[in-house]
Amino acid sequence: FGLNMAALLRSARVLRFSPSPLLYVPGAAKYGPPRSGLYCGAVGARAIRVSARVLAWPCASLRQYGVAPQQQGVSKDEASIGLRTKQAQQFDWALAKLDSSVRRTGRVTKTLLLRIFHDICRTGYPSGNQALLLLRSCGSLLPEMPLAERTELAHRIWDKLQELGASYDASHYNALLKVYLQNEHKFSPTDFLAKMEEASVPANRVTYQRLIAAYCQEGDIEGASKILGFMKSKDLPITEAVFNSLVSGHAHAGDMGSAEGILSVMKGAGIEPGPDTYLALLSAYAEKGDIAKIKLTLETVDNTDTSLMDRDLMQVVFSLAKAGYEQHVPEVVERMRHERGYVPDAMNLCLSLITQGREDTALTVLKTFPSLQVESENGEVPDLGNFFLRHCVNMEKPAEKLIKYSRELKDAKLHSGPLQFTLYCAVEANKTRLAMELMTDMKAEGLPIRPHFFWPLLTHHQRDKNIPGILEVLRGMQQLEVMPDVETYSNYVVPAFPNMDAARAALQVKRGLIVAALIYINMSFCSLTVSSPTFPATDLSVFRGSLISGFKRLISKSVWSFSLFPAENVAYFLYNLIDSMTEGEVQAKEEKLRQYFAQLKSLNVFIPVTIYRGIRNILDAYHVPELIKDVITLVDSKESISTAEGRFVVLETRLAELRAEGKPVSAVLKQLIQALCAEEKLERALEIKAQFEQDMVVGAYAVLINLCSRHDNADEAMNLKRELARKDSHVALDATKYLALVRVLSKHGRLEEAIDMLKEMKEKDVVLNDSVVTQLFHVLNAAAMKGDVATVQRLQDTTFALGLVKPTANLCSPLISAHLESGNYSGALEAAMECHQQYNQLPRIHDIICGLVEKGEMETLQKAMDFISQERGEMTMLYDLFFAFMQTRRYKEARKIIETPGLRARPGRLQWFAEKCIANNQMEALENMVDVTEKLFECDRDEMYHYLLRLCQESNDWRKAEAVWTKMQEENVIPREKTLRLLANILKSSGQVVPFDVPEAWYEEDKPKSAEFLLKEKSLVPNETPTDYQLRLVTLCKRGKGKEAFNLLKDADKKGVVLGPAPYDGVIRSLLAAGSLEDAMAVREIAISHIPGFKLSDMASSLLIITQVKRNEVKDAMAHLKTMLQLDQVPSQLAITRLVQGLGSHGDVHGIEEVEGLVKALGTSLNLSRMVFLNNTVLAHIKNGDVDRAVESLETLYTQGGDTAHTSSVAFVFRKVIEENNDAALDKLSAMAERLANHFALYRPATDLFMQYLEAGRVEEAKFMLQRCAAIAEQREILLSYMTKAAQEPGQVNKIKTMKELVPDFVDKETLYSYLMKCYGLDKDLASAKALHDQVQQEGMQPDELFLKRLAVLYRDAGEAAPFQEPPESFKFYAEKLREKTKAQTASADD
Amino acid sequence: MAASSKKVFEVFVSKIPWTVASKEMKEYFGQFGQIKKCLLPFDKETGFHRGFCWIGYSTDEGLQNALQKDPHIIEGSRIQVQRNRKAFLGRKATKEEDDS
């Protein structure tokens, strides 16, 4: 079989993977893995290959959700935001940034890395994986940075984060080692180990491997052997990586013979030399310039099972160039196959070459780039090599070289304007000399030189107030005979001087020009057109998904860890439990639930009938009615039986009475039959029916028919059905009852009658909604389980042919199941293909392929592959085959498939298989999948390991979990926080020590008790080290217990314990967050007394400013802001806002101006709205009694502010004035708003005022405003956003109602109602919600699912049963759905 | 917003190479008709323009002439020219509320 399979594999692979050029490769055995991202600049680190995919993972979804276009709330109080939330968000953000960079380019820029580093520092408490992320980025991901600088940066990050309280574990040390290797950093491995020991971090397998590599990099075989011996003594496995290092090690020691010999040693040890082994060997030859051996080795590799990728060859190129054998480079370059990801890899190779002084080789490589864009129709030249030129400029390559390169690129038609681009880079990077040389050359070529070419140079000097620099540029202009124009002077020259006279004196230019410049400057001030680039707000991503699944886990666990609930709560808990489980979960855990119910029963737990009904409904909906009988035993028997029995008796008596009186009995008869059916009393119901046959109404028949069907009584059901038809041939049952009939009929082999039922459904236009469709599936599946192909086929074809439902994969699957059930795989395939032809569905294809592989039905399998490939594409086919091999444990074959060139990760499909493995406890299959996908293009490694850990958790296998962690380090995967938490939980629950710092979940608010308990325990330990204190302080601060932390700190101080700056800062922040200014300052004093240079962190300083403003100590706050800025710290947006507000309420116009100036000097990173300053200046004027000035500045803004001004909100001003009851000011402002509206058609202020009246409850004034300025009613967008915002907090419903009264048509009813429902939900106002629901129904509207979901939750919370079925999905789901719909609508409206 | 009825004949130009400034833009677009307005914003922080520009013609004819030509090549680079759509006013209208 093995042979056959191999043949199939080949045919599958060589198959028409046609669009990809990857197959035009000689040699059929080349199935190397495609790589993403970068060339591992593992410059010289021969045996070490870095995978860029480490960072390249698809990010957790960053979407925020809510209803429709909700507005994002403006910043909340910083103190109230959990720090951990921030940390998690930040990691996600940083990760997303780095990830997208690596994904696009295979590298990270220094600027980006530093920015993220700075940001992480600024918030304090860096987490373990943030540290890992930063450290990991300091190696070959930075090809643009010289090696020594990279290591230096790594050390800086290491020290700084440690100082800030990050704790390091083995993964960090291993990452640092990797960085050393990639940067060829010389260090002493023994010292490194000693350092780890000192920090009590145990080294692991990966550590030793890397230390061996470090020794080998230096050619120190003795050192390597020492560690090797140590590993052996510890019984650690010696992996391929170790041998690869040894190859390089011997080569570096000058012993090529031994290096070559390692390969046979490996074979002797049962390890096949892999691509990395050959690469180590090739690099060794390259360093010796031995091109003959290189060629020979490449041929050898061609004859083995392994293959080398382009990026491997790139490393050989690098080694050649670096050792000075550039002449051999073309011979290697021409062997490249231009695989997927070639260009980014090659770019990084070029960058590394340039960085390390081999730019000529870089150009050779650049010229071999496949041109990406085909020349466009008008023969435009694509600009290739921008990155090359830019990096040459940054690396200060001489102008002659750049000019030469530019010529070459231009002549080779690779770039349309290389000189201009090089100049662009030069002026951007402030390289005045280079720029001058380039322009001189351009001028000689006859290219134009223009004044604005010099502006970027001037901006640099202007920023630094560097007057000699400015003068130098101006002289340069003169040399090149370019006259500076007015703009040059006014925008870029004059502002650098302290005043006009100084400028004039220095510049010695004509008075006229300066005057012109002055006028120009004044104009630009007047017009107030200060452009403020808007920054995208940082994504507030929260780990919603993991939150939900976290709860799920909690719940499903608590089922089995039996509860200690007080009995009366069990019932409700039970309902919620089952409600929170998915259909699949309930089905999967049916037996466990049954046991659970039995357990409850044995504990004499009873549940009320109402709850029972609720549970019954859920179980019905989940298609596990079998469990109902288990629940019913829990119902308080007295209650149920007695009431039910009592009811029967009452109804029967009543029936007899009515009949005796000769009155109509139909209604009561129906009630009685329904009651009997509800209690499953079929016999009695039939008796009653026989007695009152002539009085039976449709409803009574319907329930009876249904009950007969359920009780498997086909004859009686059909009798009743016929009887009903005789009475009224037009009447139709509802869909569920028809399907119940179909089920029972087909079960009893009465297929034709079943078909007739389906036809009747069609004739009578019975509608099938979603839940009925599921029922239909179960009808079909029941037949399939008996292997009754004919029945399934008939039923399926009929339903589809009649158009009762749309064909779906799910509905088609029973047919396949029927074939599979009877072991007929080719039949199953035929049926699936038929389904595809007819309905475009390919049901259960995985199971079919697995069966075929298992059975070895080669021909059929080939047929299946051909078919899928043709219909669904090659990629899908390969994945199908891959999963089938995985499922049937043919891992070798699976690996071959996944290594097909051009294959890339499909996260959805990988997830599907992983979930399957987890659900079925298939550790082996899952492990293998994680293993073979290591080099799969764009595979999210963290996610893969997370699957593995989940299964470890399920199977309670902490050893495996620990091995997974080591494996992650070996692969350089940076775990996301959720992965680390999961790992920690597994270890903890098995009583193991967690060897790393666990990022705390911000949502685990239910756990502080245990933490406090731990703290208490700890405090009993008598000898307290600073670390102990630090840990406890940090924990207390994280829990928001500033006071306790303060006391503890004082205690530490008394005992003479000195701490690092981080814990002091933490306590200060914690105290400030609680408003305890004095205590915070006391801590600062303590800190200063121990640490002379102690200063508050950015965040603490910002909090201090906020606190000071809150206490009205605005002057102190202002002074502190200045200190901060002097220390180069960045205040938070909120701190500035609060300060400006404080200044405003003090009437300090000057102060506001000053702050605005300071902030502007800081750069634009604060994302502050200009309106903060403007509004508060206005308020300051008002405070000073100068309302006219206030009105004037607002009017200026609106009338002259340019495009954006009339959207600026002044609501804040109105709000403050209204709050302060300053009617005089309000009158004038109101007059201004009207004037702007009526004279200038600027409605924003009037609308703002209108809404502030509403907000303040001054409805009469709002109404009046509206009368005078009717256009307010047309500002729908603003009004709408007002509503959206109001609906975010409880108690706001009246505002919306008032708005609706005043502006009846500001919003369509549907939207209005859904927001009202949202408000009622927030207010927990079931009565109003019910009324609204009635109104909606009366108005004939169809409430959306979100509306119903909200209502249903209200019902549920009130303990009432909703009169409709609660939409089963989450809020999020419906909100998203609704948003998609709105989006689609607006999109189509836009067309 | 109240609709302004005053007719403008504007094109929006993008992908402008950095070597070109207002003067060159006016020269180039002047060939299609008389230019009333040419706005090529520069970023005073960096000294580079932002790569896009508005050209206003005094007549519809100028506008049409400019729109008809394709491709537009300036100093060897292809630039994009399109009719200036009604501004995106109001899109960010709700952003600056509160807390100002």
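The values are calculated or read from the model by the stated rules, or taken from the named source; none is laboratory data. Keep in mind that this is a model prediction, so the values were computed, not measured. Cβ sites come from the backbone with ideal geometry, for glycine too, and all protein chains shown count toward neighbours.
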Positions within region A:434-451 being in contact (Cβ under 8 Å) with a residue 24 or more places away in the chain and either basic (Lys, Arg) or facing another protein chain (nearest Cβ under 8 Å) (or both), in sequence order: A:LYS443, A:ARG450, A:PRO451
Which one is farthest from the chain's Cα centre (by Cα) among residues in region A:908-930 that are assigned to a helix (DSSP H, G or I) and loosely packed, with under 15 Cβ neighbours inside 10 Å? A:GLU924
Scanning region B:68-79 residue by residue, those within 11 Å of chain A (Cβ to nearest Cβ) and surrounded by fewer than 15 Cβ atoms within 10 Å (Cβ to Cβ) turn out to be B:ASP70, B:PRO71, B:ILE73, B:GLY76
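Going through region A:1252-1279 one residue at a time, which ones are at the interface with another protein chain (Cβ under 9 Å from one of its Cβ atoms), acidic (Asp, Glu) and either farther than 22 Å from A:LEU1312 by Cα or within 37 Å of the chain's Cα centre (by Cα) (or both)? I'd like the intermediate steps shown before the answer.
Within region A:1252-1279, the first condition is being at the interface with another protein chain (Cβ under 9 Å from one of its Cβ atoms), and the residues that meet it are A:1271, A:1274-1275, A:1277-1278.
In the following step, the residues that additionally are acidic (Asp, Glu) were identified as A:1274, A:1277.
Result: A:GLU1277, single match.
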Helices (runs of 4 or more DSSP H) wholly inside region A:1226-1333 that include at least 3 residues being among the aromatic types (Phe, Trp, Tyr): A:1309-1323
Any residue in region A:1173-1202 that is of a type in the set (S, T, N, Q) sitting within a Cβ distance under 8 Å of a residue that is outside any helix (DSSP H, G or I)? List the pairs, counting only those 6 or more apart or interchain. A:ASN1175/A:VAL1210; A:ASN1175/B:SER100; A:ASN1176/B:SER100; A:ASN1184/A:GLY1147; A:THR1196/A:LEU528; A:THR1199/A:LEU1242; A:GLN1200/A:SER527; A:GLN1200/A:LEU528
Positions within region A:136-157 being assigned to a helix (DSSP H, G or I) and either over 18 Å from A:PRO975 (Cα atoms) or in contact with a Phe, Trp or Tyr (Cβ under 7 Å, 6 or more places away or on another chain) (or both), in sequence order: A:LEU147, A:ALA148, A:GLU149, A:ARG150, A:THR151, A:GLU152, A:LEU153, A:ALA154, A:HIS155, A:ARG156, A:ILE157
Scanning region A:1204-1224 for residues that are buried (at least 23 other Cβ atoms within 10 Å of the Cβ) and assigned to a helix (DSSP H, G or I), which turns out farthest from the other protein chains (Cβ to nearest Cβ)? A:VAL1217
Of the listed residues (A:VAL668, A:VAL703, A:VAL635), the one being aliphatic (A, V, I, L, M), closer than 26 Å to A:LYS737 by Cα, in contact with a helix residue (DSSP H, G or I) (Cβ under 6 Å, 6 or more places away or on another chain) and modelled with pLDDT under 85 is A:VAL668
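Might you check whether a residue that is of a type in the set (Lys, Arg), within 13 Å of chain B (Cβ to nearest Cβ), surrounded by fewer than 22 Cβ atoms within 10 Å (Cβ to Cβ) and on the phi < 0 side of the Ramachandran plot occurs anywhere in region A:1101-1110? Lay out the reasoning, then the answer.
Restricting attention to region A:1101-1110, the residues satisfying the condition of being of a type in the set (Lys, Arg) are A:1110.
Those left that are additionally within 13 Å of chain B (Cβ to nearest Cβ): none.
Within region A:1101-1110 (the criterion being of a type in the set (Lys, Arg), within 13 Å of chain B (Cβ to nearest Cβ), surrounded by fewer than 22 Cβ atoms within 10 Å (Cβ to Cβ) and on the phi < 0 side of the Ramachandran plot), the answer is no, since none of the residues qualifies.
Okay, residues lined up against (1) within 14 Å of chain A (Cβ to nearest Cβ); (2) modelled with pLDDT of 90 or more; (3) in a strand (DSSP E or B):
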site: B:VAL13; (1), (2), (3): no, yes, yes
site: B:PRO17; (1), (2), (3): yes, yes, no
site: B:GLU24; (1), (2), (3): yes, yes, no
site: B:LYS36; (1), (2), (3): no, no, yes
site: B:GLU45; (1), (2), (3): yes, no, no
site: B:LEU63; (1), (2), (3): no, yes, no
site: B:ALA66; (1), (2), (3): no, yes, no
site: B:VAL81; (1), (2), (3): no, yes, yes
All but one of (1) outside any loop (DSSP other than H, G, I, E, B); (2) of a type in the set (A, V, I, L, M, F, W, C); (3) closer than 21 Å to A:VAL493 by Cα hold for A:ILE449, so report the exception by its number. (1)
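Which one of A:ASP620, A:ASP579 is on the phi < 0 side of the Ramachandran plot, at pLDDT 75 or above and in a helix (DSSP H, G or I)? Steps first, answer last, please.
Values: A:ASP579 fails: at pLDDT 75 or above.
Of the residues listed, the single one that is on the phi < 0 side of the Ramachandran plot, at pLDDT 75 or above and in a helix (DSSP H, G or I) is A:ASP620.
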Does region A:1283-1301 contain at least one residue that is without any contact (Cβ under 8 Å) to a residue 12 or more places away in the chain and surrounded by 16 or more Cβ atoms within 10 Å (Cβ to Cβ)? no
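Whether any residue in region A:1105-1127 is assigned to a loop (DSSP other than H, G, I, E, B) and in contact (Cβ under 8 Å) with a residue 60 or more places away in the chain is what I want to check. Talk me through it step by step, then tell me what you get.
Filtering region A:1105-1127 for residues assigned to a loop (DSSP other than H, G, I, E, B) gives A:1111-1113, A:1127.
Applying the additional criterion that residues be in contact (Cβ under 8 Å) with a residue 60 or more places away in the chain yields none.
No, every residue in region A:1105-1127 fails to be assigned to a loop (DSSP other than H, G, I, E, B) and in contact (Cβ under 8 Å) with a residue 60 or more places away in the chain.
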As an exercise: evaluate A:TYR285 against (1) farther than 20 Å from A:ARG337 by Cβ; (2) in a helix (DSSP H, G or I); (3) within 39 Å of the chain's Cα centre (by Cα) and give the number of the one condition it does not meet. (3)
Which one of these is among the aliphatic types (A, V, I, L, M), surrounded by fewer than 17 Cβ atoms within 10 Å (Cβ to Cβ) and out of contact with any Lys or Arg (no Cβ under 8 Å at 6 or more places or on another chain): A:LEU1322, A:LEU1332? A:LEU1322
State whether one or more residues within region A:758-766 are basic (Lys, Arg) and free of Cβ contacts under 8 Å to residues at least 40 places away in the same chain. yes
Inter-residue pairs, beta-carbon under 6 Å, first crowded, with 23+ Cβ neighbours inside 10 Å and in region A:271-288, second part of a loop (DSSP other than H, G, I, E, B), 6+ apart: A:ALA280/A:ARG46; A:ALA280/A:ALA47; A:SER283/A:ARG46
In region A:1237-1251, which residues are within 12 Å of another protein chain (Cβ to nearest Cβ) and of a type outside the set (Lys, Arg)? A:ALA1237, A:ASN1238, A:HIS1239, A:PHE1240, A:ALA1241, A:LEU1242, A:TYR1243, A:THR1247, A:ASP1248, A:MET1251
